[in-house]
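Bear in mind these aren't lab numbers, they're just calculated from the coordinates by the rules spelled out. All values reported here derive from a predicted model rather than from experimental measurement. Please note: Cβ atoms are built from the backbone with ideal geometry, for glycine as well, and neighbour counts cover all protein chains shown.
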Amino acid sequence: MGKNLKEVMRMLENSQRRIEEENGKKPVSEDIPGPLQGSGQDMVSILQLVQNLMHGDEDEEPQSTRIQNIGEQGHMALLGHSLGAYISTLDKEKLRKLTTRILSDTTLWLRRIFRYENGCTYFHEEEREGLAKICRLAIHSRYEDFVVDGFDVLYNKKPVIYLSAAARPGLGQYLCNQLGLPLPCLCRVPCNTMFGSQHQMDIAFLEKLIKDDIERGRLPLLLVASAGSSGVGHTDKIGRLKELCEQYNIWLHVEGVNLATLALGYVSSSVLAATKCDSMTLTPGPWLGLPAAPAVTLYKHDDPALTLVAGLTSNKPADKLRALPLWLSLQYLGLDGIVERIKHACQLSQRLQESLKKVDHIKILVEDELSSPVVVFRFFQELPGSDPAFKAVPVSSVATAAVGRERHSCDALNRWLGEQLRQLVPMCGLAVLDLEVDGTCLRFSPLMTAAVLGTQGGDVDQLVTCIQSKLPVLTCTLQLREEFRQEVEGTAGLLYVDDPSWPGIGVVRYEHVSDGNSSLESDPEGEKIHTGLLKKLNELESDLIFKMGPEYKGTKSCIYVGMASDDVDISELVETIAVTAREIEENSRLLENMTEVVRKGIQEAQVQLQKANEERLLEEGVLRQIPVVGSVLNWFSPVQASQKGRSFNLTAGSLESTEYTYVHKVQGTGVTPPPTPSGTQSKQRLPGQKPFKRALRGSDAVSETSSVSHIEDLEKVDQLCSGLEHSSPEAHCPEQISTAPAPTARQTETLQNKAQHPEDDDPQVEGLERLR
């Protein structure tokens, strides 16, 4: 019993202590988020939370099922990250041996695959980080006293980094921020404008810039060349640039997607020259479909002390473990798998390029780069009446006065085309980019997207088919834009708004009467008119899309007309917009006028009723207003007063007496309102014809003459119907029946035949049936 009592007391003490601890923790737990309260969450709940955060809430709109196609090689790369964390827990000696083996194997494989002999590797997460480390190495190599004197050495002789004008945006700013250099240390080299490709670095101009910098006391430090730029995939003349850099002792760094073709059997000479450069950056992750795989910078340098100071090498095992995902994935793929994926991407780009050459109104940029796995194309306008030898003339070669309008129109249409193709063929991974010279273009880069999205040859064929299906709408819309602008400018009350970002036919605004008096910030009347106009236009059930956009460059609410086909009647469209807007404005003004008239009529009626009441008081006298005396006087001598009132005539807008109503027990009809004149005569349409459609334009079954004759036949039907209505009373008139002469035998026979064939009684009826 004593043992049991001790056990009970211990349990009670533990329970009391637990209650005290819970009471003491309550104020603290209120400040801690929910998942951290208590003893923690189990693994199932944590994984469920991660899944919900990855896929979003159920109320949100469903997105694409999977952004990336993670294959077995992708799983190996993901395994490398978790395995690296596990390997880091080993003892130092085993960890050193393992990381050294992983780093040396990966370096050897990459050097052999991409033909870069006697080089070192630096693995980094951010793609631009490798170039920043190379710049540090170049500074330490050229400035021997930089470690001791620091930036004083750079101040006396400023370094210069040369970048191409076609380099990726923000690269120079990133380098200056990482190195602590001012922006004047950057020098942008323009691309060729007169001779050679428009997307390659101008070597002659580069040499001139280098000589000028040397004369000014500056030090040409590093040159960044492109082997497949992020824009159009161009490749600079790396061989010639290498000779120039050796002449002036400049570090040459190369980057770009075309470096992946170094793994293939056939490589162009311009890309093959990159193997002789001082350094280059590779991105095998997107090339091979490896998620979260690091980028690799290969470089040649003999001084390990300078590479250690620049940050390209490290003694930390964790830094060496960055190569583990690539080490696992490269072993899984093998050389054949690596070459097959890169070769497949190049074949996709060549397939698309050959197919687009056969499509009209599509211009391919950088056609001379046959080995480039990047295809950049755009929709362009074919000038009417141009010489057949110069059939495909880009918009940029037209006169300067028309270039701006046509250029902006084509850019808007290309943006619309890119959005449509990305929705219809998402597996191709198209990107929309804006180029300074060519404008808005579409880029197909299978090296960066094919392995991730799983793009196949059928997807490229589907992409070409979708482009061909969208071309008629694009060409017709571009042709109708000028006609729409002319029609709007020639129509009173309409204002054409030149919005270059709208890919449709155009933008129009109705200028109402008080448009000039309203401010730019608020225009309730104009917004009301355009809202009603948009509702009326959408109720017509035409093939056009109408929207009401926001204010554009000081212009208030407008009507945006969408894409159109070739059978749109622009004159009818503009006329309908003008007439409908005018009717809405007139109806609104009529309602406002009627409101004002009614208000004034009520005020006038009150004044007249007050005067009538005063006249009645003067007529009856003061004695009749006294309660008792007035009753006695009214009993002896009642007042014969007529009931007077007022009615308001909405048609005439005036007050009228109600005496006629009380006398004749009927309300006066007043003045009959005139009929409301219609704005325009409605255009005759064929049965089933939608609004704004030209009558059977482009139809193979019925020609234009047949459509005209069909309309004439419809008019004849109306005339025959009206003729039959006029002739039917005369046929039943008794006087005509009595005075008609007796029918002859031949007429009797004819009447009997008509009785047997009642459908042939009247030639007009026969004609009516035939026309029907």
Given a cut-off of 23 Å, name the pairs among Lys208/Lys237; Lys133/Lys208; Lys94/Lys300; Lys158/Lys208; Lys242/Lys316 whose C-alpha atoms lie farther apart than that in the structure shown.
Lys133/Lys208; Lys94/Lys300; Lys242/Lys316
Given points 7 Å out from each Cα along the Cα-Cβ axis, report the Val632 to Glu482 separation in nanometres with one decimal.
10.1 nm
Would you pull out the residues with amide H under 5 Å of Ile545's amide H, same chain only if 5 or more places away, H placed 1.01 Å from N?
Gly562, Met563
How long are the semi-axes of the ellipsoid equivalent to the range 221-314, from square roots of 5 times the Cα gyration tensor eigenvalues, in whole Å, largest first?
22, 20, 11
Hey, can you rank 452-465, 121-134 by average C-beta count inside 10 Å, highest first?
121-134, 452-465
Ranked by how many other beta carbons lie within 10 Å on average, peptides 109-120, 561-572 from highest:
561-572, 109-120
Extension reserve of the Arg616-Thr465 stretch, reckoned as 0.36 nm per residue once the Cα distance is removed
45.3 nm
For Gln331 and Ser588, calculate 0.36 nm times their separation in residues minus their Cα-Cα distance, and state this gained length in nm to one decimal.
84.8 nm
